[in-house]
Amino acid sequence: MFRTINDRMLVSPQIDIADITAAKEQGVALIVNNRPEGESEDQIPGEAIAAAAAQAGIGYIAIPITHAGFSINQVEALDEALKSAGDAPVLAYCRSGTRSALLWALTMARSGMAPSDIAAQAADAGYDVSPLHAQIDMLATSARHGSGA
């Protein structure tokens, strides 16, 4: 169910409580919820995922992404979350996994990863980051020139 972007990042559609065990078995240190609460009626509340994660010894953070799109605050929040997990894998989820993959792509661009590497890793996991090509390029260019956007 989890798609591997790289050794540090896993992405998934909506997870349920049983998926916490699988995440633990894969060494996940942190779960990132990219769904706004109440996005759909069949959505498992973030607080239920957070409680199950805590019981399993896994961290949890919510960085909701709405129809309004992405902000630099969300990029910075994911960057901090990834840093807090150290070298352990992080699992991000949303309805389909796409928003989580796109937020990862923006975050990696801001950290200076080459846009071609970002696109390749996302594609290997089944995600297309081309809708954010311009933003990824802008953040990567800013990172190369030291402004970090």
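Quick note: the coordinates plus some simple rules give every number you see, no bench work behind them. In this text the structure is predicted, and so the values were computed from the model without any measurement. Neighbour counts are summed over all protein chains in view; Cβ atoms, including those assigned to glycine, are modelled from backbone coordinates with ideal geometry.
For region 32-53, the tally of residues that are crowded, with 20+ Cβ neighbours inside 10 Å and either out of contact with any Gly (no Cβ under 7 Å at 6 or more places or on another chain) or not in a strand (DSSP E or B) (or both) stands at 6. Out of ALA101, ALA120, one residue alone is more than 30 Å from ALA50 (Cα to Cα) and of a type in the set (A, V, I, L, M). It is ALA120.
Applying the condition of being of a type outside the set (A, V, I, L, M) and buried (at least 19 other Cβ atoms within 10 Å of the Cβ) to region 125-143 and asking which residue is nearest to ASP7 (Cα to Cα) yields TYR127. Can you find a residue that is under 12 Å from the mean Cα position of the chain (by Cα), farther than 13 Å from ILE15 by Cβ and in a helix (DSSP H, G or I) anywhere in region 56-74? Checked region 56-74: at least one residue is under 12 Å from the mean Cα position of the chain (by Cα), farther than 13 Å from ILE15 by Cβ and in a helix (DSSP H, G or I).
Figure legend. Inter-residue proximity from region 41-68: first residues on the phi > 0 side of the Ramachandran plot, second residues part of a helix (DSSP H, G or I), beta-carbon distance below 8 Å, spacing 6+ or different chains. Indicated pairs: GLY57/LYS24. When ALA56, ALA81, ALA68, ALA18 are screened for being surrounded by 13 or more Cβ atoms within 10 Å (Cβ to Cβ) and either more than 24 Å from ASP117 (Cα to Cα) or of a type in the set (Lys, Arg) (or both), only ALA56 passes.
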